[in-house]
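Engineer: So that we are looking at the same thing, I have put the structure below in structure tokens.
The values are calculated or read from the model by the stated rules, or taken from the named source; none is laboratory data. Since the model is a prediction, treat every value here as computed from it, not as a measurement. Cβ coordinates were reconstructed from backbone atoms using ideal geometry, including for glycine residues, and neighbour counts include every protein chain displayed. Heavy atoms of the whole protein, side chains included, go into the accessibility calculation; ligands, DNA and RNA do not. Shrake-Rupley method; radii C 1.70, N 1.55, O 1.52, S 1.80 Å.
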Amino acid sequence: MAEEEEAKIFRNAGGPHGLGDPEDRSLRKVEREVCIPKKMRDIARQEKCTAEVEDFTQCCKASGLAMVMLCSQQNSTLKACLTKWYQDEEFKKRCTEEFLAERREFRRTGLTKKARLALEEEAKG
């Protein structure tokens, strides 16, 4: 039993680069509560609520310091759009799978997504 508990404590060690088993699909608390919601927020802003983000951004740029009062409608619309996507289970599942794929690649190669993209760009040219 002590061996099992020890394995749980150090489950993120090991793997080809000492970063954890690339095939491990279990999520730590911080990944469930911070990393995946951040990924959901980023994807929702970039793909799902682009018009609302653009409207809010334009309003803020045009309003200056008065944006709190003048852009409340755009802010409410943006929040409603984002909330809709945060509550969508299929969207959450998609974001979780993307997160697990990125983590698996990191654990396999030892390179972050940013570093991998930089290497690919360098190789192209």
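Engineer: Check the range 55-70 and report whether any residue there is of a type in the set (A, V, I, L, M, F, W, C) and under 30 Å from residue 97 (Cα atoms).
Structural biologist: yes
Engineer: Given the criteria of a type outside the set (S, T, N, Q), touching a Lys or Arg at 6+ places or on another chain (Cβ under 7 Å) and either modelled with pLDDT under 95 or buried (at least 16 other Cβ atoms within 10 Å of the Cβ) (or both), does residue 64 qualify?
Structural biologist: Answer is no for this residue.
Yes/no per residue for (1) hydroxyl-bearing (Ser, Thr, Tyr); (2) surrounded by 16 or more Cβ atoms within 10 Å (Cβ to Cβ); (3) at pLDDT 95 or above; (4) farther than 30 Å from residue 24 by Cα:
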position	(1), (2), (3), (4)
59	no, yes, no, yes
81	no, yes, yes, yes
89	no, no, yes, no
93	no, no, yes, no
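Engineer: Tell me which residues, restricted to the range 101-125, are open to solvent by less than 50 Å² (accessible area, probe 1.4 Å) and either touching an Asp or Glu at 6+ places or on another chain (Cβ under 9 Å) or at positive phi (or both).
Structural biologist: Of everything in the range 101-125, those that are open to solvent by less than 50 Å² (accessible area, probe 1.4 Å) and either touching an Asp or Glu at 6+ places or on another chain (Cβ under 9 Å) or at positive phi (or both) turn out to be 103, 107, 110, 116.
Engineer: When the range 112-125 is examined, which residues are found to be outside any helix (DSSP H, G or I) and either in contact (Cβ under 8 Å) with a residue 40 or more places away in the chain or in contact with a helix residue (DSSP H, G or I) (Cβ under 7 Å, 6 or more places away or on another chain) (or both)?
Structural biologist: The answer is 112, and nothing else.
Engineer: Take the residues in the range 15-57 that are of a type in the set (Val, Ile, Thr) and under 14 Å from the mean Cα position of the chain (by Cα); name whichever of them is surrounded by the fewest Cβ atoms within 10 Å (Cβ to Cβ).
Structural biologist: 30
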